[in-house]
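The values are calculated or read from the model by the stated rules, or taken from the named source; none is laboratory data. Predicted model only: the values in this text are computed from it and were never measured. Cβ sites come from the backbone with ideal geometry, for glycine too, and all protein chains shown count toward neighbours.
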Protein chains: 2
Amino acid sequence: MAQARRYAGGIDGNRSLERGVEILRAFRPGVDTLGNGEIAERTGLPRSTVSRLTRTLVNSGMLDEVRSERAYRLAASVISIGHAMRTGSPVLNAIGPMMRAESARRRLNVGLATADRTMMVYLESIRYSPRAALRNVVAGQQVPMELTSLGRAYLAGTTETERERLLKQFKRRSAAATRALLAEVRRSISAVERDGYCAVSWQPAVLAVATPIVLEGLPVYALNMSLQNVERSDALASELGAYLNAFAARCKEVLAGR
Amino acid sequence: MAQARRYAGGIDGNRSLERGVEILRAFRPGVDTLGNGEIAERTGLPRSTVSRLTRTLVNSGMLDEVRSERAYRLAASVISIGHAMRTGSPVLNAIGPMMRAESARRRLNVGLATADRTMMVYLESIRYSPRAALRNVVAGQQVPMELTSLGRAYLAGTTETERERLLKQFKRRSAAATRALLAEVRRSISAVERDGYCAVSWQPAVLAVATPIVLEGLPVYALNMSLQNVERSDALASELGAYLNAFAARCKEVLAGR
DNA sequence: CCCTTAATTCCACTCAGTGGAAACGCTGGG
DNA sequence: CCCAGCGTTTCCACTGAGTGGAATTAAGGG
């Protein structure tokens, strides 16, 4: 028969594995434990399936079982895999130390992020504080792509196709002020094309500027600098932007040499 | 038939999911990209199976594909899941800030870890340095259980069954000096039972002491303190041990209140 | 002690997953 | 320019691994 029969192991990928990953993803930042029921609800999977898959994830060391609560939490394995990701990243290895130095020198926050679906994930976020004890490095934190300078710089750096795909997803999600928001996102993208960076005040009293880093054979990254406790002004934004452009240029130089 | 037929979805867990996790685990710290062939070699899975599973992991956002090298690397998703694990951890939330304060006060390294198979994984490792810029926080780093104070404190804190299971695994792995090593491990465990902590110099010129933290409904953790650039002495070890015992007591107090 | 609520196990059905083999597509050498 | 060599992906017949609704068991709550 010339019928286009679809074979199971085919192009779609492995169903159970996909579902297992979705279960891990159901543990969003801040949630401690989840029961099978709650996981089933969040993922839309049948409860019996969830029960089997969570058991597998426990055996594989990705989840810890909390017998007393009949619940599960992410196991330490996930951070060790995360650590492997960070130490493997050639970009972070190359410019991480530069970022730390720059943060200290300019007395501002410096971050490096890339995309996970519609969120930006920090590979490294160096929070400057005059009080040394409060200086802080965070990795893995997510911020929304469409609302942040990091995200918009990423959009400017990625391919046309990917960008349009993502813009469609923002539309689908936030029923609110979509029209204005999308226009603003496009304006930020133009700013990146024109000035090399875009400036956004996502959180009150924080001014952030970001720029994309595009390298062959690597995902698109975005580099940012930010300052707390300032009121937004164009002058400040362009000063920060100039620092960022200079720093990004140095980074790209280092990265070009493999 | 009274035959004990084994049903597929049965007790063993889901095969594909298990394999997918093994593939993620194949990316050890320091490796950047892996091709399907290399993954197949490391995991012992058939190449065609690896090909299908890596494709699924790419679709699920856990791996990034590097077309030009026909290889894969861990995607940013894994650190965002890792971040979720850390922010969800009630223990880290409760005592993380205390650890940072204690590190600054005593001018030494403070770490919190738990087990992943036969390795200890840092949830938080605060490296003290007089030069503020070099102060450092690492999470996800692994150290061998049998060789470190952290690991031996963990062994002392875990159940009899689990401890013996792990000791057997050490024997299996390191063909060398096993006899002496195991005796040393047992001596450290006794030290924990007697003094509350054990002291080990795993790395040259670093003295570390550790103590277990055992809480209902949570994995066993180990807390450690360490000092670089010192020669090991019993006096120093017991001074550090006293600091650790005092600090651990305060931690347990905080943790007891939920 | 019984009743509600949720997790787990059971199990017949079937299609999703498997892996050996064949096809593909680089890459460098002659 | 073509070919050889090698690693990756696709093909596909086979089958048992995985599925999910129903039954069962276990855990609080009154």
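Within the range A:150-168, can one find any residue that is exposed (fewer than 14 other Cβ atoms within 10 Å of the Cβ), without any contact (Cβ under 8 Å) to a residue 60 or more places away in the chain and in contact with a helix residue (DSSP H, G or I) (Cβ under 8 Å, 6 or more places away or on another chain)?
no
Taking the condition of being among the aromatic types (Phe, Trp, Tyr) and more than 21 Å from A:PRO90 (Cβ to Cβ), how many residues in the range A:195-235 meet it?
2
Going by the structure shown, is A:GLY44 at positive phi, touching a strand residue (DSSP E or B) at 6+ places or on another chain (Cβ under 9 Å) and surrounded by fewer than 18 Cβ atoms within 10 Å (Cβ to Cβ)? When the stated conditions are applied, A:GLY44 does not pass them. The residues listed here are A:LEU108, A:LEU53, A:LEU63, A:LEU112; of these, the one that is modelled with pLDDT of 90 or more, within 28 Å of B:LEU53 (Cβ to Cβ) and more than 9 Å from chain B (Cβ to nearest Cβ) is A:LEU63. Would you confirm, using the coordinates I've provided, whether A:SER60 is within 19 Å of B:ARG15 (Cβ to Cβ), of a type in the set (Ser, Thr, Tyr), more than 12 Å from DNA strand C (Cβ to nearest atom) and touching a strand residue (DSSP E or B) at 6+ places or on another chain (Cβ under 8 Å)? So A:SER60 fails the test. Annotation note: Cβ proximity below 6 Å between a residue of the range A:17-42 that is at the interface with chain B (Cβ under 7 Å from one of its Cβ atoms) and a residue that is surrounded by fewer than 19 Cβ atoms within 10 Å (Cβ to Cβ) and not hydroxyl-bearing (Ser, Thr, Tyr) (sequence gap 6+ or interchain) occurs for A:ASP32/B:PRO90. Consider the range B:215-250 and keep the residues that are aromatic (Phe, Trp, Tyr) and touching a strand residue (DSSP E or B) at 6+ places or on another chain (Cβ under 7 Å). The one that is farthest from the other protein chains (Cβ to nearest Cβ) is B:TYR243.
Test A:TYR72 against the criterion of being surrounded by 23 or more Cβ atoms within 10 Å (Cβ to Cβ), facing chain B (nearest Cβ under 10 Å) and in a strand (DSSP E or B), and give yes or no.
No: the conditions fail for A:TYR72.
Can you pull out the residues in the range B:1-35 that are within 10 Å of DNA strand C (Cβ to nearest atom) and modelled with pLDDT of 90 or more?
B:SER16, B:LEU17, B:GLU18, B:ARG19, B:GLY20
In the range A:91-105, is there at least one residue being modelled with pLDDT of 95 or more, under 25 Å from A:TRP202 (Cβ atoms) and not in a helix (DSSP H, G or I)? Within the range A:91-105, not a single residue is modelled with pLDDT of 95 or more, under 25 Å from A:TRP202 (Cβ atoms) and not in a helix (DSSP H, G or I). From the list B:TYR154, B:TYR128, the one residue that fits, being among the hydroxyl-bearing types (Ser, Thr, Tyr) and modelled with pLDDT under 95, is B:TYR128. Among the residues of the range A:124-140, are any within 7 Å of chain B (Cβ to nearest Cβ), crowded, with 24+ Cβ neighbours inside 10 Å and of a type in the set (Gly, Ala, Ser)? So far as the range A:124-140 goes, yes, one or more of its residues are within 7 Å of chain B (Cβ to nearest Cβ), crowded, with 24+ Cβ neighbours inside 10 Å and of a type in the set (Gly, Ala, Ser).
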